[in-house]
Amino acid sequence: MDKMKVVSSRLARGAFLAVGVPYVIVIVTNLVRGWPCSQEGEDRFKRALQPNRVLKVTYALAEQLSLAKWLPLYIRWTSFYKTASNVVKDIPYGRHGNVLDLWMPELMKDRRHIDCTFPNQSSRGSNGRPIIVFVYGGAWGSGDKNMYSLLAQQIIEHLGAAVIIPNYSTYPKGTVPEMVEDLHDTLAFIQSQEFCQLAPGANQQEVILFGHSAGAHLCALSSIDLAEGKAAALSVTPSGASVTADRKDHEGLAADNSQHCSHEGMSTLAGNSEYASALLSSVRGVVGLGGVYHIMDHYHHESWRGVEDLSPMWQAMGGMDQFDVFSPVERLRKMTPDQLKSLPPFYLIHGTKDSVVPPSASEKFATVLSDQEVDVTLKMIVEGGHAELIIDAMDSSRKFHDAVINALTEMRNSILKCD
């Protein structure tokens, strides 16, 4: 009898661990998120507590525990960001109250110089360092520029570029249209007098958009919007926000460089189409790492993982009926030949073991770009995962560092015609 009690007790504990714990995890998660439901007409509570969904969500959340292995790197980038001397932090820009960081190779001790011969130099402005705008991922609902200081330094050291990392209006602060406006406003900031004074030697007409995951989607979508003439010009140039001590120091160092600026008063251009064309003319290429390019396809992938309701994606898009509107793949198919010709080259990078955004996302986008005769290069990194590729790019000792940096260097050489 005692033996039966022991067996029964163990079975009860096992049943609780196998069933009770996953349900507790999912209930708490949904309570925190407000029981979201992407499918209209369905009972959100029944949907969230379906046994199959509970198991999938529990597994997906358990996968997040693997992020603990990057704790030492987190400590490093936090410390580096606090002490870095070649960055101007928290520069206000755009119309949504966001800020960006500007990393400048000119302030590095070795003052490395990248020697490029740019095509049509007489019409594109003086030779200078390219500018890479990095747009982080986070499922359109999270992320922060402060996390990518080590990545900025790697780009500076290996690509010889100035780096801009903007914070943008992630959900719920904004939806995708506001996020795209933030990227357009970042491009407008690069053409401003303020940028030229802060970053002497940077070529304002040699900009590369580089995004990871949701950031790659936004880079692609913002470029397509510009090619279609869709960009609302800033009515005023933001200038009243507070300035950090670092920014004041750099303004003093660069104040005498204004005569070299090539800005054209971006906020005063007459029409949206003219404004969009002016912004797009500075973009020499778009780089997407582990990007999402077809929203409905990605929704189906999130459904397979059981996380489609918890993901901010459908809310950031404004609902499922807007998925095609914000899908670069679908938008490309509707563009005119002239619009397609105005698009910059695309360079897509994806890991073959990416389970968060499947490799087929970049493969499909590359196929559509090629079919529409847009310049595209697809680089697959064998065994690479999703977060691993962008994290490893920050540290030269990590497994995929060289693969990602070499791909970015190849991209730079191809887009900017460097030796």
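The values are calculated or read from the model by the stated rules, or taken from the named source; none is laboratory data. This structure is a prediction, so every number in the text was calculated from the model and none was measured. Neighbour counts run over all protein chains shown; Cβ positions are idealised from the backbone, glycine included. SASA here: full protein model, heavy atoms, side chains in, ligands and nucleic acids out. Shrake-Rupley method; radii C 1.70, N 1.55, O 1.52, S 1.80 Å.
Before moving on, here are some points about what is shown:
- Selection from the stretch 391-417 of residues that are at pLDDT 90 or above, among the small types (Gly, Ala, Ser) and open to solvent by 20 Å² or more (accessible area, probe 1.4 Å): 396, 397, 403
- Residue tally, condition farther than 19 Å from residue 313 by Cα and not aliphatic (A, V, I, L, M), over the stretch 23-40: 1
- Any hit, the stretch 155-168, residues being in contact with a Pro (Cβ under 9 Å, 6 or more places away or on another chain) and aromatic (Phe, Trp, Tyr): no
- Test: residue in the stretch 252-274 that is closer than 20 Å to residue 90 by Cα, at pLDDT 50 or above and open to solvent by less than 40 Å² (accessible area, probe 1.4 Å): no
- Scanning the stretch 70-93 for residues that are under 25 Å from residue 189 (Cα atoms), open to solvent by less than 80 Å² (accessible area, probe 1.4 Å) and not acidic (Asp, Glu) returns 81, 84, 86, 87, 88, 89, 91, 92, 93.
- Here the stretch 197-225 is the region considered, the condition is being open to solvent by 10 Å² or more (accessible area, probe 1.4 Å) and part of a helix (DSSP H, G or I), and the residue that is nearest to residue 177 (Cα to Cα) is 225.
- For the stretch 324-333, the condition holds for at least one residue, the condition being that it is within 17 Å of the chain's Cα centre (by Cα) and in a helix (DSSP H, G or I).
- Residues (touching a residue at least 12 places away in the same chain (Cβ under 8 Å), more than 28 Å from residue 59 (Cα to Cα) and of a type in the set (A, V, I, L, M, F, W, C)) located in the stretch 306-357: 326, 329, 332, 335, 340, 343, 346, 348
- Number of the condition not met by residue 379 [criteria: (1) assigned to a helix (DSSP H, G or I); (2) open to solvent by 70 Å² or more (accessible area, probe 1.4 Å)]: (1)
- Residue among 174, 229 that is assigned to a loop (DSSP other than H, G, I, E, B), open to solvent by less than 10 Å² (accessible area, probe 1.4 Å) and either over 15 Å from residue 132 (Cα atoms) or of a type in the set (S, T, N, Q) (or both): 174
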